[in-house]
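Before any comments, here is the structure.
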Amino acid sequence: MSTSPLDLPADHPYGPHHLPYGAVARDGDEPWLAVRVGDSALDLASATRGTPWAEALAGPVLNPFLDLGPAAWSALRSWLQARLAEKEGRERLAPHVHPLEELVSHLPVAVADYVDFYAGEHHATNVGRIFRPDGEPLTPNWKHLPIGYHGRSSTVVVSGTDVVRPRGQRKGKDDPAPVFGPSVRLDIEAELAFVVGGATALGTSVPVDQAADHLFGVALFNDWSARDVQAWEYVPLGPFLGKSFASSMGAWITPLAALEKARVPLPGQDPEPLPYLRGRAEHLFGLDLTMEVRLNGTLVARPPYRAMYWSPTQMLAHLTVNGASLRSGDVFASGTVSGAEPHERGSLLELTWNGTRPLTLDDGSTRTFLEDGDTVTITATAPGLGGSVLRLAEVTGTVLPSP
């Protein structure tokens, strides 16, 4: 009986139907690119030597490979799957396989630009009800365009990186003046990040029906948020210090091609968007992806991505409609994923209704917002080929005290 780590059941969550991309290293060494197969990392640079993609896979990040575009992404995926499907192919790949337990994960892309959207109707409605209880929960523009803001790419960090509690100005409604200090309302935002490949020229735009050609893959994302800092600073220009201190991304990027069986129709858009946000039905999609959010091991939420209002293709089309250029390694995130039910809310702001309904954890302690030492872990599953289930790589982080 074979004991090769490449001999996996057909329904393994990290089997050949998945093949997420990452960057790993032995502690202290230079990272190298890999695909995850089961509980092992396949060294792409050595495994693909002599192929058309070898040079693009020789470095520590995916950006050169992302530059090659969707034909190359598909070809490498097919090449790997063909070899993993046959005993001879697995034997040829076996010398290039390393146990994950011996490796340290690194961020597999050099993030070029980072944009955070606000694409979840349930989240936006909850936030509106919390902060504008006497008004309409959604702002007048919300159903006409995917609202977003530019974040700070240099503070996108790989899963497992500790997050230092940010400092900034804050002012409560009854405070006579603002004060400076550590955030006392530190929150999470359970999101999905999309990794972009293929540069475009400044002054051009990407239509909805071509946007998927630039969507390489997805990763779980926690866009940490200092709610008190953000509340004081965001009028009139939007988020700044309350959001720019850290955003955590899963270490393994699931190719969009692996999520074909997870595609679902959008929940419906009314009113109909302007023409540049319309496209053929097959290019307007959600993803049947269910997240689980754990705080110190306690399951506190199960946000469903399929409830999101805007398609990733619409987000990308809107991002570029003014002529903004794309670069390989750009990342845009969905915004907080929340569903219609209370247990489906993807932020503590919603789960505790702005701190008025504390959560009780399994150890008996309660939380409204995050305390120093808290660890937040987000996982997700999605349907794969042949009835299998894909498991996206977790994103986790622990809060450290402010210096």
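The values are calculated or read from the model by the stated rules, or taken from the named source; none is laboratory data. Computed from a predicted structure; not experimentally measured. Positions of Cβ are backbone-derived with ideal geometry, glycine not excepted, and every protein chain shown enters the neighbour counts. Heads up: the accessible areas ignore ligands, DNA and RNA and are worked out on the full protein's heavy atoms, side chains in. Shrake-Rupley method; radii C 1.70, N 1.55, O 1.52, S 1.80 Å.
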Assuming residue 52 fulfils every condition listed in (1) modelled with pLDDT of 95 or more; (2) buried (at least 17 other Cβ atoms within 10 Å of the Cβ); (3) of a type outside the set (Gly, Ala, Ser) apart from one, which condition is it? (2)
Strands (runs of 3 or more DSSP E) lying entirely in the range 215-317 (those with 1 or more residues that are basic (Lys, Arg) and over 26 Å from residue 67 (Cα atoms)): 290-295
Restricted to the range 306-341, and to residues that are of a type in the set (Val, Ile, Thr) and out of contact with any strand residue (DSSP E or B) (no Cβ under 7 Å at 6 or more places or on another chain), which residue is nearest to residue 265 (Cα to Cα)? 313
For residue 387, which of the numbered conditions (1) under 30 Å from residue 36 (Cα atoms); (2) surrounded by 13 or more Cβ atoms within 10 Å (Cβ to Cβ); (3) over 21 Å from the mean Cα position of the chain (by Cα); (4) not hydrophobic (A, V, I, L, M, F, W, C) fails to hold? (2)
With the checklist (1) over 30 Å from residue 37 (Cβ atoms); (2) open to solvent by less than 10 Å² (accessible area, probe 1.4 Å) in hand, flag the one item residue 238 doesn't pass. (2)
When you go through 314, 210, 269 one by one, which is the residue that is among the polar types (S, T, N, Q), surrounded by 24 or more Cβ atoms within 10 Å (Cβ to Cβ) and out of contact with any Gly (no Cβ under 7 Å at 6 or more places or on another chain)? 314
Of the residues 120, 160, 128, 135, which single one is at positive phi and of a type in the set (Gly, Ala, Ser)? 160
Filtering the range 346-375 for residues that are within 13 Å of residue 122 (Cβ to Cβ) and either open to solvent by 40 Å² or more (accessible area, probe 1.4 Å) or in a strand (DSSP E or B) (or both) leaves a count of 0
For the condition surrounded by 18 or more Cβ atoms within 10 Å (Cβ to Cβ), out of contact with any Gly (no Cβ under 8 Å at 6 or more places or on another chain) and farther than 19 Å from residue 254 by Cα, what is the one hit in 126, 141? 126
Just name the residue that is least open to solvent (accessible area, probe 1.4 Å) out of those in the range 84-118 that are farther than 22 Å from residue 158 by Cα and small (Gly, Ala, Ser). 89
Please work out which one of (1) part of a loop (DSSP other than H, G, I, E, B); (2) free of Cβ contacts under 8 Å to residues at least 40 places away in the same chain is the condition residue 6 fails and give its number. (2)
Of the residues in the range 319-345, those that are in a helix (DSSP H, G or I) and more than 21 Å from residue 156 (Cβ to Cβ) come to 342, 343, 344
